[in-house]
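For reference, the structure is listed below as structure tokens.
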Amino acid sequence: MNEQLDEIPPGASLLGRKLISVDAAAGRVDLSFMGKAEFSNRHGTIQGGFLAAMLDATTGLAVLSALPDTETAVTLDLNVSYINAAQVGPIQATGTLTHRSRTIARSNGELRAEDGTVIASATASLRIMQRQNK
């Protein structure tokens, strides 16, 4: 497993990110996030920018799960579709690697409420590169 999956940067900590499971062979990750009251918009639901950040992490970790420790990836683009409002509380996420070449990877991500309702989905393209100091 890529050791970067165990790292929790400050933004991931703010989002309450927890790694639930990893299938490196399939390029799949399951995560959970916490939709905090501080993330609410004027409607009392989680503001879309926070959901996009959760999807960015989800799609990125799906790619990282399939990379060796000597490589990393950074997001080139993220296309988010908002489907249902996200209430304050736990949010489940699944990310899947869908394509990988030597320098580019593509992945999908999905956020769900605890009851399984799909909140948002995303597709992402990431640049694969060598890690510094590895």
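The values are calculated or read from the model by the stated rules, or taken from the named source; none is laboratory data. All values derive from a computational prediction rather than experimental measurement. In this analysis, Cβ positions are derived from the backbone assuming ideal geometry, glycine residues included, and neighbour counts consider all displayed protein chains.
Here are a few things to note about the model shown:
- Of residues in the stretch 15-40 being polar (S, T, N, Q) and touching a residue at least 12 places away in the same chain (Cβ under 8 Å), the one farthest from ALA73 (Cα to Cα): SER40
- Within the stretch 1-14, tally of residues that are touching a residue at least 24 places away in the same chain (Cβ under 8 Å) and either farther than 18 Å from GLN92 by Cα or part of a strand (DSSP E or B) (or both): 4
- Qualifying residue in the stretch 5-18 (condition: closer than 18 Å to ARG100 by Cβ, at pLDDT below 95, of a type outside the set (D, E, K, R) and surrounded by 12 or more Cβ atoms within 10 Å (Cβ to Cβ)): yes
- Residue count for the stretch 41-53 satisfying the condition of being over 23 Å from SER107 (Cα atoms) and touching a residue at least 24 places away in the same chain (Cβ under 8 Å): 4.
- The selection criterion, being of a type outside the set (D, E, K, R), surrounded by 15 or more Cβ atoms within 10 Å (Cβ to Cβ) and under 20 Å from THR123 (Cβ atoms), holds for VAL29.
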